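Asks: Okay, handing you the structure first.
The values are calculated or read from the model by the stated rules, or taken from the named source; none is laboratory data. Small disclaimer: the values here were computed from a predicted structure and weren't measured. All Cβ positions, glycine included, derive from the backbone under ideal geometry; neighbour counts span all protein chains shown. These accessible areas exclude ligands, DNA and RNA; they are computed on the full protein's heavy atoms, side chains included. Shrake-Rupley method; radii C 1.70, N 1.55, O 1.52, S 1.80 Å.
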Amino acid sequence: MKKDGFENKSIDIIIPVGLDEEPDLQKSIGSIIELHRKAGFRKFALFGPSKGWRGVGYPPKECFEEIADRILEFKKGLRDTDILVGWWNTLTLKSGKYGSHRIVRIDGSESYFSNCPLAPAFQKRFSADVAFIAEKAAPYMIVFEDDYGINCHRGYGCFCELHLKEFARRTGKHYSREELREKLMDGTDEAVALRLKWGELSRDSLMELAAHVRKAVDRVTPWMPMGSMQPGCADADGDSTRAVAEALAGKNHRPFVRLHGTSYSNDDVSSAPQNIFHALYGRQHLPEKFILYHESDTYPHNRFFMSAGKMKTLMASAYSYAFDGSTFQVRQHLDDPNEDPGYYEMFARECRRLNALRDAAKKCTVSGCGLISSPMGFSRNENWENGWVRAFAHFGIPYTTLESRVNVLSGKLPNALDDETIRRLLRKGLLLDGEAAKLLCDRGFAPEIGAEVTEAPEKTYSKIAADICGKERIRDAFIHGNTGRLMDGCFTFSPYGNGSFQQLKPLSSKTEAVTELLDFRDHPFGIGMTRFENSLGGRVVLLAQGVKNNLSSSLFNYRRQRLIQELVVWLGAEEIVYVKECARVFCILNRPTEKFDHEFYGVVTLIDLSPDPLESVELRIPADWCGKCKIELLDIDGKWKKASFEFGEGSVKILHPMTICEPLYLAFRKK
């Protein structure tokens, strides 16, 4: 067995165990052995010091000596097993006052317990404490808490004298904190450039501390792998995920990182695709050499807050995305840690199936429409994430975060893309919501999208917004498969938001109006959707609504689902698979890489996000799949078995029932 513990070919599950939170060491050791016996877990991360030190001050040397001794006690108690014990360092920057340099927020206030990563005294002490435990306790690996970030200290960035001095060196100009506060909050191009440079400084300061730690550990245990847990602020920290993980790994180890992608204290299954979207982005944009773990965190670790079913949904998604493993919270870090068996019993049942799924996904690329996103959105203080995620997931349309034949933009995302990228997307198929379309118009791309897109004048907008009984009518040429023509209008009452509204004004006779907007008297007053073939050879579909914060019945309905599905195919996604006539069936499409193209057409994961059971599910499939493939279903034992199905015209009906949080995994194999 390799010493670093990363040789495991099956899904690599790491179970956290509290060093301070769990008062009875022997009972904790017994609970680990029980989990090993019942669920097969063999890797555990003992976490400490206690976060209670934040309010007291940085822990004294004796604290780290106690942690090392406790790790050794665990290893002694587990010596007759093949269990591996690592250390999860839970105090990084939020570790209690040390020295004289704290994180200074942009408003000038000082964090009470967060230390600046550029402070030489903190770098030296923090590195020495990590190296001490590495040498004395020899855990199989060390991983660092997800508060290892600059922008997660109840304020924006660190504007201490060390950061200001380094920023002056990099830019050739000294900025006071007050000047930066004024400039960074601005919306000018100068502010954008400045925020990008500030993001780079944030990233590099985190990387510098990580490099100090790696150097200190290399002096005593160079064989030891170290990795990171991605903080939620990683994008605002200058897209720091890769840099920090590589610095901790050093030259002799593969970088490993846990990507965030869960929901704390939330059991809303319908939001699972959004919860894990950032993790998919990381999976598809970090280098192949990275070992990637999903944040399978059930916080606060009992089923009053998160069901085992939702966690199964998140893990099914993660392993459809070919993650290497999970940091999986199955225990309560109290005096009876295994009190709630729901999570580990779920995994014990599903582990063989999830392993087989992950193995198949490793041969593939997550495919579908390109939901383009950019972590560089932080440079404009804008949300980087694509607003179409929920709609595509609930409409059963597969997506990827990679550029595809058909791509999708929303909101302010065009601001993060240069003109060359926009032109490239316009040569393909492109779906835009109203906000994204307006931004492209503002940048001179109106001729390429076939319409002028403007905000409605205040007087007009007020009149339209007051009409909660308006409708949107599908034009005759686009009714295919629809039993009706009407949808709720964009200002229909929606307790959770209607999104924004833009006016679409066709610029060309080639611009086709897909839908028209009606007031409550059925009088037309505008256009709801358009499609257009441009001079670049691309096709563009516009939606007048904005999809951000839009949970209205105008966006989410069966007729809109059919329209978007059909228009996606028209845009160029002839090879797409999608779910027909079902609400909230999440569809993940994996297409084989060239090496495995001879084996199968694709692997499809279907997850019912609705409490309503389905007796069967119908999929639209590419023409070259119809009648030319055999379909297999992955069973609970991890075996691919013949599925029950019926081919239709351009479709296949899967004759297996579906219930909420019980995924179906299908392989479309070549005959």
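Asks: On the protein heavy atoms, probe 1.4 angstrom, tell me the percent of accessible surface of region 366-572 carried by carbon and sulfur.
Replies: On region 366-572, the fraction of accessible area on carbon and sulfur atoms equals 50 percent.
Asks: Quick one: 3J(HN,Hα) in Hz for region 363-371, Karplus 6.51/-1.76/1.60 with θ = phi - 60°, rounded, Gly and Pro as x.
Replies: 8, 10, 10, 4, 10, x, 6, x, 7
Asks: Based on DSSP, what percent of beta bridges with both residues in region 366-572 are antiparallel, to the nearest 5? If you can, show how the numbers build up before the last one.
Replies: Values: 25 of 37 bridges.
Here the share of antiparallel DSSP bridges comes out near 70 percent.
Asks: What figure in square angstrom, to the nearest 10, would you give for the accessible area of residue 574 with a 1.4 Å probe?
Replies: Roll a 1.4 Å probe over it and residue 574 shows about 100 Å².
Asks: Ok, one more. What does the helix-only formula give at 222 nm for the chain: each DSSP H stretch with n ≥ 4 adding -39500 (n - 2.57), the total divided by the residues, and the result rounded to the nearest 500 deg cm²/dmol?
Replies: That comes out to -9500 deg cm²/dmol.
Asks: Mind checking the per residue accessible area of the chain for me, 1.4 Å probe, whole number of Å²? The partial results should precede the final answer.
Replies: Values: 26520 Å² over 671 residues.
Per residue, the chain has 40 Å² of solvent-accessible surface.
Asks: What value does the chain have for Rg/Rh, both radii from Cα atoms and Rh as Kirkwood defines it?
Replies: 0.99
Asks: Tell me, what ³J(HN,Hα) does each residue in region 443-458 have, in order and in whole Hz, if you take phi through Karplus 6.51 cos²θ - 1.76 cosθ + 1.60 with θ = phi - 60° and put x for Gly and Pro?
Replies: 9, x, 9, 4, x, 7, 9, x, 7, 8, 10, 9, 6, 5, x, 3
Asks: Enter the Cα centre distance for the pair region 80-130 and region 617-668, rounded to the nearest angstrom.
Replies: If you average the Cα positions of each part, the centres end up 50 Å apart.
Asks: What share of all Cα pairs of region 366-572, in percent, falls into each consecutive 5 Å distance bin?
Replies: 1, 8, 16, 22, 22, 17, 10, 4, 1, 0
Asks: Could you work out the per residue convex hull volume over the alpha carbons of region 585-670, in cubic angstrom? Show your work: numbers first, answer last.
Replies: Details: hull volume 7.9 nm³, N = 86.
That works out to 92 Å³ per residue.
Asks: Then there is this: Considering amide H positions built from the backbone, and no H for Pro or chain starts, which residues 5 or more places from residue 326, or on another chain, come under 5 Å of its amide H?
Replies: Counting only residues 5 or more places away or on other chains, the set is 12, 13, 14, 294.
Asks: To continue, here is another question. Top to bottom by accessible area (1.4 Å), largest first, where do 488, 237 land?
Replies: Numbers: 488 55, 237 0 Å².
Highest to lowest solvent-accessible surface, that is 488, 237.
Asks: Also: With θ taken as phi - 60° and the coefficients 6.51, -1.76 and 1.60, list the Karplus ³J(HN,Hα) couplings across region 171-185 in order, rounded to whole Hz; mark glycine and proline as x.
Replies: Values per residue, Gly and Pro as x: 8, x, 8, 8, 10, 6, 4, 5, 5, 5, 4, 5, 6, 5, 8 Hz.
Asks: Ok, one more. Within region 303-402, which chymotrypsin sites (Phe, Trp or Tyr not before Pro) sit in a loop by DSSP and count at most 15 neighbouring Cβ atoms inside 10 Å?
Replies: Here the sparse-neighbourhood loop sites are 304, 305.
Asks: Still on this structure: In region 516-568, which trypsin sites (Lys or Arg not before Pro) fall in coil by DSSP and have 13 or fewer other Cβ atoms within 10 Å? Don't jump to the answer; show the numbers that get you there.
Replies: Details: sites: 521, 531, 539, 548, 559, 560, 562; in loops: 521, 548.
Sparse-neighbourhood loop trypsin sites (Lys or Arg not before Pro): 521.
Asks: For 293, 299, 601, write out the residues from largest to smallest accessible area, computed with a 1.4 angstrom probe and no ligands counted. Intermediate values should be presented prior to the final figure.
Replies: Values: 293 5, 299 110, 601 35 Å².
Greatest to least solvent exposure: 299, 601, 293.
Asks: Continuing with the same structure: Taking 0.36 nm per residue of separation and subtracting the Cα-Cα distance, what length does fully extending residue 72 through residue 264 add?
Replies: On the way: separation 192, 0.36 × 192 = 69.12 nm, distance 3.18 nm.
The residue 72-residue 264 span can extend by a further 65.9 nm.
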